[in-house]
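Trainee: Below you will find the structure I want to go over with you.
No value in this document is a laboratory result; all are computed from the given coordinates. Model, not experiment: these values are computed from the prediction. For neighbour counting, all protein chains shown are included, and Cβ atoms are generated from backbone atoms with ideal geometry for every residue, glycine included.
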Amino acid sequence: MITLTAALLRFTLDKTKRMSVTANPTSPSDAMFRQAERGVLPLGELFGGAQTLIDQGAPQQAVRLYETWLAHTQSPLAYAVWFNLAIAHSGIGNDVQAEGDYLKAIALNPGFIEARLNLGTLYERLGRPDDALATWNAILAEVADLPASPVLHVQTLNNIGRLLEIRKRLPEAEAMLARSLELQPDQPNAITHWVHLRQKLCRWPVYQPFGGVTVEAMQRCTSALATLGASADPAGQLAASQRFIDEKVRRDVPALADPAGYPHKRIRIGYLSSDLCSHAVSILTAELYELHDRSRVEVYAFSWSREDNSPLRARVVGAMDHYIRIDRMTDEEAARCIRAHEIDILVDLHGLTLGARADILCWRPAPVQLTWLGFPGPTAIPGVDYVVADAFVLPPELEPYFTEKPLRMPHTFQINDRQRAIGPRLERAGAGLPEGRFVFCSFNSNFKFTPDVFAAWMRILRRVPESVLWIVADVPDTRENLVREAEAQGVDGSRLLFAARVPPAEYLARFALADLFLDTAPFNAGTTASDALWAGLPVLTWAGRTFCSRMAGSLLHAVGLPELVTHSLEAYEELAVALASDPARLGELRQRLAENRDSSPLFDTPRFVRDYEDLLAGVVKRPAGVPLNDEPDPIRLHAVPDPAPGQLSIQQDSMLALMRAGMHSVVEVGGASLAQAWRARQPNSHFTAIAPAPEAGWSTASIAADPESLDEQQWQQVAPAQCWLFPETLERLRDPWAFLQRVRRQALGGVELVACVNNSQNWLVQSLLASGNLHYQQSGVPDRRTLHLFTRASLAEMLRECGFAIVEMTAVNAHQPDPAVLAALRNFAAATGADPALAEQDALPYQYLLRAVAV
């Protein structure tokens, strides 16, 4: 929007050279208002006085001054006052009045371009893009002397081109920006958008010089995101990001966060993004926010995301502990907001994509800052310390081309949401696909298509008779360009099939209709590759020398299909033809994918979250002498009510309540008492029972063995378990210390314990001991299988020794003792130097139910 100051300057210089505005206007006074009421206030003094009122924080007074002048003054220059009044009205949030003011200014002076430009901007802000385009197009059609104002002419063309691009009217946007660049070639921002539009339209070669715009200028102005698809050179990608930072990002700002960190009990993670809505980033991360272990972390979102009312957005927002909108804040205000919340680790999910707010990170509002998922390349953002990666996607030889240090996940850098529903099976005919023909597909964004890879696709089609390529292209011009290119390479254009946009579940279901997914390079599929693999479709990729060209390879290694990763275009082409010609081989790959999917690291989201939290715990800053999780005793004691008839027992119900949702692999020591109830909650989970003699009718996997005598193969079988259950069985082990240490040592990732343990400090047990009447029973405390007696303190100490920390404990209270018994227990504790109040508290529980996590 053209500002009041700029409009006033142009008005003064170009329209009314006989008028002048003082450099230091005097403060408005009642005398000025009286002059306006008499119609004798000079225009220059009006502008100066109104601006002074605005600068002094009195915009309502400025509005009143303008309105008074207009009501009492007849002037051929009144259109300029209406224009400034519109800006003042917008400044106080009165957009309805501002619209009317602009329209009056235009009616008085149809050639007043500034008013038309600002009116269009107002319409766009109000969510009326068609009105904005109509207003700006009217400038081109109705303002006869527009060429005499080249700056405004270019601004008009750029406004139209930018909004057309947002509206997905890509060919018109490209043409409008081309007109702008023909008038003024030296426009880096316009060139940036023009280049990316040509990528989206598949107009090759993308770098096509015209007018005064050279190929060198196009390459220099290619955005960081567009460069990921245009260049296979890691140095070129870093240079593009660095240019963006040098041109757009502030470096002269102080760091806000304390570099020593904060003494929090839990890690405060802040996610910074404008994509917490129906967007690829949220498609990947939705389950992450739900599965974060709240005993370890506290989750914040700092968001400027659009409110799209999608179920995905509602799910993401609902999973946050704190959801804070920063869209109305400046970058500095947003950074100070993040600092005020003492965020330990700020995770940038945006990178250098559209709408980036890199300046927030430059203020360093958190002691540790990292980037992840939003931009699969080096960001070069000052203040970003780490990038989440893995050994394949960011090998050591790629590190010199990143300004961030890699935080390597053990399997893959990309998280996935297992809750994505796949729709009912589709038929090829319903999707417009031919029966009996080999279907290659590539549902990647069109800007990732390159002439080299497309040429390889066409060679593949020529070598695989009757095969077709199924792709997405929303814009008719893109489809026409691709068909024309195919025919130029000797492939009938009818062999390119174009998929329409469909709802998410149907989109996932249609992957099953294809035979093989062909990846793009040098910008691989990320979310789309996960979608294909989740839906059961093998993905063939070509891994290069950059992060973005190795993404799909990372996913394929994590899902157990490394042979689908090639390392040259020739190998990629040959393997595509070989697989299409060998149905048995391709069928074996699909079968292995189906068998591996749910157990593979790629889709083991709970394990990913634990590994990710472990990474963050390794880099979080804490003040000297304050270790992570140095907090008061986390045990929370409260009684558990009796169950209703027909429901689970107190112990079973409470143990289930302690088990976190999303666990895919659970082991119960001593039986399968919780198997049916857990399966009802997590139908696809793997439940293993370990007992010397499994009971008849168990509908679960079992290991018929003494838990403490498992052989190496059996330990390997249970190593992936995320949760071990001990329903009154921990005290029955001969050496629970050794057993728990083995569980901790054998675990492939983060592991938890949920246990029900009888309290040997219970008042009744103490009474029976004191009277000499403690007898082992068939069931009870203690029963005949009990080998160890645990109290609250000794149980916690054993777990600490074995590498676990209690994060939640529930007490089950039975009958209450007589006051005389409690008094005796307090007296005995005092006599032995113990705390009488604590002794009474610890004597009441009959059992403890606890959750402990490996530390």
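Trainee: What is the set of long-range amide H partners of Arg325 at a cut-off below 5 Å, with H atoms built 1.01 Å from backbone N?
Mentor: Long-range HN contacts for Arg325: Ser303.
Trainee: Can I ask one more? Between Glu37 and Asp95, what is the label-to-label distance in nm when each label sits 7 Å out along the Cα-to-Cβ direction?
Mentor: Label-label distance for Glu37 and Asp95, simple model: 3.5 nm.
Trainee: Nearest-5 percent of antiparallel DSSP beta bridges in the chain?
Mentor: Expressed as a percentage, antiparallel bridges in the chain total about 20.
Trainee: Moving to a separate point now. Counting other beta carbons within 10 Å of each residue's own, what order do Ser673, Ser568, Ser273 fall into, fewest first?
Mentor: In increasing order of surrounding Cβ atoms, one gets Ser568, Ser673, Ser273.
Trainee: For log10 I(q)/I(0) by the Debye sum over Cα atoms at q = 0.06, 0.07, 0.09, 0.10 Å⁻¹, several values are listed as (i) -0.68, -0.91, -1.26, -1.33; (ii) -0.56, -0.72, -1.02, -1.15; (iii) -0.45, -0.61, -0.99, -1.18; flag the one computed from this structure.
Mentor: The value computed from this structure is option (ii).
Trainee: Another question, if that's okay. Quick one: if you stick a label point 7 Å off each Cα along the C-beta vector at Leu838 and His567, how many nm between them?
Mentor: Placing both labels 7 Å along Cα→Cβ, they lie 6.1 nm apart.
Trainee: Enumerate lysine pairs in the chain that are 8 or more residues apart or on different chains, then count those whose Cα atoms are under 22 Å apart.
Mentor: 6
Trainee: Still on this model: Just want the ordering: Met551, Met409, Met798, from fewest to most Cβ atoms lying within 10 Å of their own Cβ.
Mentor: Met798, Met409, Met551
Trainee: Moving to a separate point now. Over the chain, what is the relative contact order in percent, taking alpha-carbon pairs closer than 8 angstrom and at least six residues apart?
Mentor: On the way: 1494 pairs, mean separation 65.7, N = 855.
RCO, the chain: 8 percent.
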